[in-house]
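Participant: Please see the structure below; I have some questions.
The values are calculated or read from the model by the stated rules, or taken from the named source; none is laboratory data. Not measured: the values here are computed from a predicted model. Methodologically, a virtual Cβ is constructed for each residue, glycine included, from the backbone with ideal geometry; neighbour enumeration extends over all protein chains shown.
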Amino acid sequence: MQLLDTAIPDVLLFEPKVFGDARGFFFESYNQRAMAALGLDATFVQDNHSLSGHNVLRGLHYQIEHAQGKLVRVVAGEVFDVAVDLRLSSTTFGKWTGHVLSAENKRMMWIPPGFAHGFYVTSDSAEFLYKTTDYWFPEHERCLLWNDPDLTIAWPLTGEPQLAAKDSTGTRLAQAEVYL
């Protein structure tokens, strides 16, 4: 397992060692000891799996209480994955980092508690898996506006994204509930 650089040091990007031959491939998608040695010390309580079509944008989601850390990866297709720091006391508050995660590159991204998270599907479809450090509490879920001009996220859009209603009416950072 190798740790790659991100624009926000608390967001970790892992690249697993893949063993492949004519039969296919094998890699460890999660190894608590190896990832802890690289800076990820988390206990996961829930696994989630989503399927999205081309041009779907999900996010930017977070829970104001029961903040979730997320270890995310793509098992089919490709996405542009984004994390936005909502920790007011952080030197990177309001900053974002984005990375391509795909079935091909097998990279995984750790989004710590205190961040909003979202992704945009760049392939025909994408299957997205993520482990969370806390359960989903819909009453605490919040949505940061995906195209907030104050964030200037460089989404690799190929037209108007397909959005859920809650994502199209998210809150701008200046008015959002954030973490202290």
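Participant: I'm trying to understand the selection: among the residues of the stretch 1-29, which are in a loop (DSSP other than H, G, I, E, B) and charged (D, E, K, R)?
Facilitator: The answer is Asp5, Asp10, Lys17, Arg23, Glu28.
Participant: Show me the strands (runs of 3 or more DSSP E) entirely contained within the stretch 38-103 in which 1 or more residues are farther than 22 Å from Arg142 by Cα, modelled with pLDDT of 95 or more and in contact with a strand residue (DSSP E or B) (Cβ under 7 Å, 6 or more places away or on another chain).
Facilitator: Counting at least 1 such residues, we get 46-53, 70-76, 78-85, 96-102.
Participant: Something else about it: How many residues does the stretch 48-106 contain that are exposed (fewer than 14 other Cβ atoms within 10 Å of the Cβ) and of a type in the set (S, T, N, Q)?
Facilitator: 4
Participant: Restricting to the stretch 107-116, and then to whatever is within 17 Å of Leu13 (Cβ to Cβ) and surrounded by fewer than 22 Cβ atoms within 10 Å (Cβ to Cβ), can you tell me which residue is nearest to the chain's Cα centre (by Cα)?
Facilitator: The selected residue is Pro112.
Participant: Another question, if that's okay. If you go through the stretch 124-180 one residue at a time, how many are surrounded by 18 or more Cβ atoms within 10 Å (Cβ to Cβ) and charged (D, E, K, R)?
Facilitator: Matching residues across the stretch 124-180 total 5.
Participant: Further, regarding this structure: Among the residues of the stretch 158-180, how many are assigned to a loop (DSSP other than H, G, I, E, B) and among the charged types (D, E, K, R)?
Facilitator: 3
Participant: Another question, then. So which residues in the stretch 1-28 are among the polar types (S, T, N, Q) and either in contact with a Pro (Cβ under 6 Å, 6 or more places away or on another chain) or surrounded by 14 or more Cβ atoms within 10 Å (Cβ to Cβ) (or both), if there are any at all?
Facilitator: Within the stretch 1-28, Thr6 is the sole residue that qualifies.
Participant: Go through (1) among the aromatic types (Phe, Trp, Tyr); (2) more than 27 Å from Glu15 (Cβ to Cβ); (3) in a strand (DSSP E or B) one by one and return the number of the condition Tyr135 breaks.
Facilitator: The one condition Tyr135 does not meet is (3).
Participant: Give the residue that is nearest to Gly77 (Cα to Cα), with candidates limited to residues of the stretch 138-157 that are assigned to a helix (DSSP H, G or I) and without any contact (Cβ under 8 Å) to a residue 12 or more places away in the chain.
Facilitator: So, considering only residues that are assigned to a helix (DSSP H, G or I) and without any contact (Cβ under 8 Å) to a residue 12 or more places away in the chain, the one nearest to Gly77 (Cα to Cα) is Pro138.
Participant: Just one of the numbered conditions (1) of a type in the set (S, T, N, Q); (2) in contact with an Asp or Glu (Cβ under 6 Å, 6 or more places away or on another chain); (3) without any contact (Cβ under 8 Å) to a residue 60 or more places away in the chain is not true of Thr122; which one?
Facilitator: The one condition Thr122 does not meet is (3).
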